[in-house]
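Beneath this line is the structure, given in structure tokens, with notes to follow.
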Amino acid sequence: MASKKKILNKVKILLSQTFETPELAFAFFDKNSDGKLSKDELKELLKAAGVGGFISKIAAKQMIKGLDKSKDKKLNWSEFKKAVDSLMKEV
């Protein structure tokens, strides 16, 4: 199974090489335009980053669990932005 660090590195590469800003990435993966990323939308982000199907499901669930401060089981813009800012500094 891919390590957390490897998954986060893949996400960082996707976000930094594919999108000019985190806002564009968020808007791209927010397929229903509700201003939040659901578990399925996060799975699509992870798959686009090269994280495999089963692993992407687990990783999306863990991302929401760790980052969802509003407890609505989705990531809103501020939660996503905070995570991206932290990711860009860490990995």
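The values are calculated or read from the model by the stated rules, or taken from the named source; none is laboratory data. Note that the structure is a prediction, hence the values are computed from the model and not measured. Heads up, the Cβs are rebuilt from the backbone with ideal geometry, glycines too, and the neighbour counts pull from every protein chain shown. SASA here: full protein model, heavy atoms, side chains in, ligands and nucleic acids out. Shrake-Rupley method; radii C 1.70, N 1.55, O 1.52, S 1.80 Å.
For the condition outside any helix (DSSP H, G or I), touching a helix residue (DSSP H, G or I) at 6+ places or on another chain (Cβ under 7 Å) and farther than 19 Å from residue 19 by Cβ, what is the one hit in 73, 61?
On the way: 61 fails: outside any helix (DSSP H, G or I).
73 is the lone residue from the list that is outside any helix (DSSP H, G or I), touching a helix residue (DSSP H, G or I) at 6+ places or on another chain (Cβ under 7 Å) and farther than 19 Å from residue 19 by Cβ.
Return yes or no: is residue 82 open to solvent by 60 Å² or more (accessible area, probe 1.4 Å), in contact (Cβ under 8 Å) with a residue 12 or more places away in the chain and either among the acidic types (Asp, Glu) or assigned to a helix (DSSP H, G or I) (or both)? Yes.
So how many residues does the stretch 41-67 have that are closer than 13 Å to residue 11 by Cβ and crowded, with 19+ Cβ neighbours inside 10 Å?
Qualifying residue count for the region: 10.
Of the residues making up the stretch 1-30, just one is open to solvent by 30 Å² or more (accessible area, probe 1.4 Å), within 13 Å of residue 63 (Cβ to Cβ) and in contact with a helix residue (DSSP H, G or I) (Cβ under 7 Å, 6 or more places away or on another chain), namely 8.
On the basis of being surrounded by fewer than 17 Cβ atoms within 10 Å (Cβ to Cβ), closer than 17 Å to residue 10 by Cα and either out of contact with any helix residue (DSSP H, G or I) (no Cβ under 9 Å at 6 or more places or on another chain) or polar (S, T, N, Q) (or both), does residue 33 make the cut?
Details: surrounded by fewer than 17 Cβ atoms within 10 Å (Cβ to Cβ): yes; closer than 17 Å to residue 10 by Cα: no; either out of contact with any helix residue (DSSP H, G or I) (no Cβ under 9 Å at 6 or more places or on another chain) or polar (S, T, N, Q) (or both): yes.
When the stated conditions are applied, residue 33 does not pass them.
Only a single item in (1) charged (D, E, K, R); (2) assigned to a helix (DSSP H, G or I); (3) without any contact (Cβ under 8 Å) to a residue 12 or more places away in the chain is not met by residue 44, and it is number (3).
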